């Protein structure tokens, strides 16, 4: 069987250092000290080159033929990748993935990329963040070691050692890379077998998560906007993180993407050296305006502290209340109604209470919820038109009853849709009238 | 693991507990086509502070419900336990075919 890897024929040491005929050009360059023209005494070639000996660049040791393994799947390379990933990404989400196929991974990555692109305008810093956000499956064992190295090994504390250069002088050299013996020693000293880790240790906290097939989503900055977008795709939980609607992202709802997403389980995350569970990650993803938003809130609180002690105390608590309240209203405003009824019930009322009168009443009373107002508009427009039709055909009893039955079916159908789509706020539009209602609402 | 005869898998675990290991590994043992071939898989994650024991409930086509104790059982014994019943169903199905 021929060898799997075609490489240069391994040359033995003998052939590399065999300058028997010094007349050739290359040999003369290789061994400049050897007098090529007039050898005074006859001597062995190897003896002449003993102190100036160099291997050719393409020399392959016979005991170490080049490997067939791809470079980036080698353990050493994986370890370098993981340590640099852990040092450079302050926001890491950990997922368990259960037997995703390659096409499912591709669909998941496509949807994630689309969601991230949506929150990051072209040419800004946030587009940079979106471009460098990636989800990848990891080798658990190597990730485990990388975590230990990142936490317990400080490269700046490694003492230099003496090493001699080619010319024979001694210099100080520091071997402090992640694959060095020093890194290994530090890691083993910190984590002993059967030993207890301190409760504050990030590695100790994350260790129980490292079970089974894992994938990590790495975001190169703590950006709640990007985190929120990723959560909406990978672990949706309405109302804070609703999945993209069918109308907006049809690709998200195709069977391949859905079956891939069902197999991903968000189990935790590391955000700026703190370990969070699913709820904690969602809390961070819900911070509006990111770090700047939090800073602005703090500045606002401090500013209001300038007006005397009494007003300080009052102002601080008030601003906290205001922040919380505005956050709450900002977060759920789409699902809130001004009547206080549940959104889906109210949308159904638009069709159920003697249309079109009830719908017009609802239009006057309900000012907050776009969803309810859309259905109220649709109902009032549609049933006013039908009322006119009823008037036109009122000469025939049979046709009137037929139209009445048709009205009932239509009401039932619309109520069903208004109730069902309230979760996603998808507008169910009937032909012509629905489009008009939608346009009126968008112009408001 | 024989998964042909499983209709429902329900798990509840706290991923930060070391005892969730066997429940999580069981999920990773299900084949990629499990959902599309009609198996219902429900996973509920408990918060980090929860001390509730992790649970794994497997339902079979013949109606048998297996409530497996993930706290003490390792994944090997869970698979063994599930396969024991699956093999019986397999035998019955083979006889019915023949």
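Just B:28, B:77, B:55 to compare: in a GNM of chain B, with alpha carbon springs under 10 Å, which one fluctuates most?
Fluctuation is largest for B:28.
Please give the average number of partner chain Cβ atoms lying within 10 Å of the Cβ of each residue in A:247-260, rounded to a whole number.
1
Per residue of B:27-40, count partner chain C-beta atoms within 10 Å of its C-beta, then hand back the mean as an integer.
Values: counts 8, 10, 3, 3, 2, 8, 3, 5, 6, 3, 0, 0, 0, 0.
If you average over the peptide's residues, the count of other-chain Cβ atoms is 4.
Of the residues B:66, B:39, B:88, which exhibits the maximal mean-square fluctuation in a Gaussian network model of chain B defined by a 10 Å Cα contact cut-off?
B:88
Give me A:80, A:109 sorted ascending by neighbouring Cβ count inside 10 Å, so fewest comes first.
Numbers: A:80 17, A:109 14.
Exposure proxy ranking, most exposed first: A:109, A:80.
To the nearest 10 degrees, how steeply does helix B:75-97 sit against the main Cα axis of chain B, on a 0 to 90 scale?
That works out to roughly 20 degrees.
Starting from 0.36 nm per residue, how many nanometres of slack lie between residue A:171 and residue A:339 once their C-alpha separation is accounted for?
Numbers: separation 168, 0.36 × 168 = 60.48 nm, distance 8.01 nm.
Between residue A:171 and residue A:339, full extension yields an extra 52.5 nm.
If you take the beta carbon distance between residue B:73 and residue B:4 as r and set R0 to 30 Å, what does 1/(1 + (r/R0)^6) give as a FRET efficiency, to the nearest 0.05? Spell out each step's value before the answer.
Details: r = 22 Å, r/R0 = 0.74.
Taking R0 as 30 Å, the efficiency between residue B:73 and residue B:4 is 0.85.
Binned at 5 Å from 0, what are the whole-percent values of the Cα-Cα distance distribution for segment A:336-443, short to long?
Bins of 5 Å from zero give 2, 13, 23, 25, 17, 9, 6, 3, 1 percent of pairs.
At R0 = 56 Å, how high is the FRET efficiency between residue B:18 and residue A:408 if r is their beta carbon distance? Nearest 0.05 is fine. All intermediate terms of the calculation are to be shown ahead of the outcome.
Working: r = 60 Å, r/R0 = 1.07.
The calculated FRET efficiency here is 0.40.
Going by a ≥ b ≥ c, the root eigenvalues of the Cα gyration tensor, does segment B:37-90 fall in the rounded group (a/c under 1.5), the prolate group (a/b larger than b/c) or the oblate group?
oblate
Over the Cα atoms of the protein assembly as shown, each weighted equally, I'd like the Debye log10 I(q)/I(0) at q = 0.07, 0.12 Å⁻¹, rounded to two decimals.
-0.67, -1.29
Which residues in segment A:415-444 have a backbone N closer than 13 Å to a point placed 7 Å from the Cα of residue A:246 along the Cα-to-Cβ line?
Answer for this model: A:417-418, A:420-429.
Which residues does the label zone of residue A:322 cover in segment A:287-303, counting backbone N under 15 Å from a point 7 Å along Cα→Cβ?
A:296-303
Divide by every residue of the protein assembly as shown the summed helix terms, -39500 (n - 2.57) for each DSSP H run of at least 4, and state the resulting mean residue ellipticity at 222 nm, rounded to the nearest 500 deg cm²/dmol. The partial results should precede the final answer.
Numbers: 21 runs with 256 residues, N = 542.
So the helix-based figure for the protein assembly as shown works out to -14500 deg cm²/dmol.
Say a paramagnetic label sat at a point 7 Å from the Cα of residue B:64, along Cα to Cβ; which residues of segment B:2-29 have their backbone N under 17 Å from it?
B:2-10
Quote the FRET efficiency, to the nearest 0.05, computed for residue A:181 versus residue A:424 with a Förster distance R0 of 51 Å and r equal to the Cβ-Cβ distance.
Numbers: r = 57 Å, r/R0 = 1.11.
After rounding to 0.05, the efficiency reads 0.35.
None of the figures in this text is laboratory data; all of them are computed from the coordinates on show. Since this is a predicted model, take the numbers as computed values, not measurements. Glycine gets a Cβ as well: all are built from the backbone with ideal geometry, and neighbour counts include every protein chain shown.
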